[in-house]
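The values are calculated or read from the model by the stated rules, or taken from the named source; none is laboratory data. Please read all numbers here as calculations on a predicted model, not as lab measurements. As a convention, Cβ positions derive from the backbone with ideal geometry for all residues, glycine included, and neighbour counts pool all protein chains shown.
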Amino acid sequence: MDNVEKITISRAEICSQVPPLALNTEEEGGCGVTGFICSIPVTGKNIFEPSAQMHNRGNGKGGGIGAVGFIPEALGVSKQVLQDDYMLHIALLDVSVCTEIEDKYIKPYFKIDKSEKLATIDDHRSIGLDVRPPDVMRYFVRVKDDVLDKFIADNKFSSMDRRDAEDEFLYQNSFKINTHYYASLGEKKAFVMSHGRNMMILKIVGYAENVVKYYKLDDFKAHAWLAHQRYPTRGRVWHPGGCHPFSALNEALVHNGDFANYQAVNEYLKQRNYYPLFLTDTEEAALLLDLWSRLYKYPLEYLIEAMAPTSEMDFDMLPADKQKLYKAIQTHHVGASPDGPWFFIIARNDVKNDQLQLIGITDTAMLRPQVFALQEGEVQIGLICSEKQAIDATLISLTREDPRFGPIADKYWNARGGSYTDGGSFIFSLKDTPEGMKLICTDKFGKVIKTPKGKSVCDVNKKITVTEDYKPIKEKLDALFAENDYSAAADKIFTYVMDSIAGFNPDKLRFCIEAINDHALINDDSKHTAIRGLTLLNDRRFNTGATKRSSLQHVLKIA
């Protein structure tokens, strides 16, 4: 009997205690999802801005955020505790059950290194919330040695890695809390929001940006942030327990779309003693992630293939060894592959490989919007969103906070679902190196996504010192603007800048763009010429020399 079978058997008793739960198949999905991961920790106000930008994608009935990769001092714990302990976040819908939960499910089993109630604002109505969000208790815990020894012995886990057994104990304990205080009651009293290491999830009946305000996260820092706007599909739609993100163990997952095969996936999970308690398809996705990653220990590529199978022509384009492997994965798991329109963003503490990750996976037919972006320089950031407006809002917010960021990414792209080219998924992995935190972006197959190296950035806040060698730029532009045909003049201005940019340093480039902008103030003809010329520079693709294209676009944007 292998360890997977032993774990499945060990859950039989707790699964038998789950009451019959009615399945809901009526709601439809259409959410706003966004996430980003940085080489430096950044504040919660930077997830507030894209969430607020996607406010119209919400309805005030469900919003949530996730965060991964914290500063230990900000949480009042040591680096070792943050690295090793589970951060157990319990939402108290009825605060009177707090002591009971601690006495029954926490203190007997866990060594508690720190516990605290998360700070909140005084009045939820002051930020427009109709329903008071739950109080949240945070516990930094490890399973007591004697408790874990008994758990291992009782379930014959002696051949299992001890930390894996501890993970399973935590999972089963959280399942018991959710069963007793949430799933089995008409009046919900409490539930586990998240229980992973170096991560947290918070969710409310409201908008995602309200989470940041209510729990005072404006200045709280994390390497990765995640947000979901709107409400859950296939579940209790006006309750914080059903909102995204959902937790596997060390992952937080948000989802735009809904599963056409919700009940089939539900049965697949139950056969393996995974019982969804919140009745949402997003919860099912998180449980599939836990099953395939933590129990089956699939590499990420295999997991993505199980979620979004490669098919038809794309399958035929794969190398023979990949076809053989993927056929085996599909044979075993195609019945559980989410069907219908969906797009997942996953923030993950990959403890086995000592790295943080942000992962985007799209369905094979690409039926939900998705966009990826990467910016590299002194600091690095990877972004995954359901729409570009959220990326723009994030980068603008970060630029205000830290000038090392820019408001425009170096690269934007989309995934092609279930394809042989990129696999319909991209992964941003953040790892600590001797040179500091390093962010690498790869596709499903491990191919690295790169941006041009060794390019300069224009410092838009720096005063330009104009010298004699700037004079030819002004004279050339004066001559071009003097032409009668403003359309032809604009084309010539575009050609001049395109041909000259290789010889411009960042200051000369800024001077040139500002000179074009100054001409726009002279008269309407010059204004038309300037607008057309600047538009061509922004829209056309050409070699920008030693200057980053994103930096040129930044200069053009503020011109």
Verdict on Phe372 being in the same structural domain as Ala285 (by TED's automatic domain parsing), touching a residue at least 24 places away in the same chain (Cβ under 8 Å) and in contact with a Cys (Cβ under 9 Å, 6 or more places away or on another chain): yes
Failed condition for Lys150, given (1) in a helix (DSSP H, G or I); (2) out of contact with any Phe, Trp or Tyr (no Cβ under 8 Å at 6 or more places or on another chain); (3) touching a residue at least 12 places away in the same chain (Cβ under 8 Å): (3)
Scan region 60-74 and give yes if some residue there is under 28 Å from the mean Cα position of the chain (by Cα), within 30 Å of Met160 (Cβ to Cβ) and assigned to a helix (DSSP H, G or I), otherwise no. yes
For Ala520, state whether it is over 30 Å from Gln380 (Cα atoms), small (Gly, Ala, Ser), outside the structural domain of Lys411 (by TED's automatic domain parsing) and touching a residue at least 12 places away in the same chain (Cβ under 8 Å). no
Got a sec? Which of Ile464, Ile408 is touching a Lys or Arg at 6+ places or on another chain (Cβ under 8 Å), under 29 Å from Phe504 (Cβ atoms) and at pLDDT below 95? Ile464
Members of region 245-271 found to be of a type in the set (Asp, Glu) and surrounded by 23 or more Cβ atoms within 10 Å (Cβ to Cβ), listed by number: Glu251, Asp258
Considering region 405-452 alone, what residues qualify as being of a type in the set (Lys, Arg) and in contact (Cβ under 8 Å) with a residue 40 or more places away in the chain? Lys411, Arg416, Lys431, Lys438, Lys444
The one condition Arg368 fails out of (1) surrounded by 15 or more Cβ atoms within 10 Å (Cβ to Cβ); (2) modelled with pLDDT of 95 or more; (3) under 27 Å from Thr394 (Cβ atoms) is (2)
With respect to Leu325, is the statement that it is without any contact (Cβ under 8 Å) to a residue 40 or more places away in the chain and in contact with a helix residue (DSSP H, G or I) (Cβ under 9 Å, 6 or more places away or on another chain) true? yes
Flag for Arg138 being under 25 Å from the mean Cα position of the chain (by Cα), at pLDDT 95 or above and in a strand (DSSP E or B): yes
Just need a number here: residues in region 261-285 that are in a helix (DSSP H, G or I) and hydrophobic (A, V, I, L, M, F, W, C). 4
Among the listed residues Ser487, Ser500, identify the single one that is part of a helix (DSSP H, G or I), surrounded by fewer than 13 Cβ atoms within 10 Å (Cβ to Cβ) and of a type in the set (S, T, N, Q). Ser487
Counting only residues that are assigned to a helix (DSSP H, G or I) and in contact with a strand residue (DSSP E or B) (Cβ under 8 Å, 6 or more places away or on another chain), which one in region 375-400 is farthest from His223 (Cα to Cα)? Lys388
Ile112 farther than 30 Å from Ile9 by Cα and either in a loop (DSSP other than H, G, I, E, B) or in the same structural domain as Arg11 (by TED's automatic domain parsing) (or both): no
Being surrounded by 16 or more Cβ atoms within 10 Å (Cβ to Cβ), closer than 26 Å to Pro276 by Cα and more than 28 Å from the chain's Cα centre (by Cα), is that true of even one residue in region 108-128? yes
Are any of the residues in region 342-363 in contact with a Lys or Arg (Cβ under 9 Å, 6 or more places away or on another chain) and more than 20 Å from Ala252 (Cα to Cα)? no
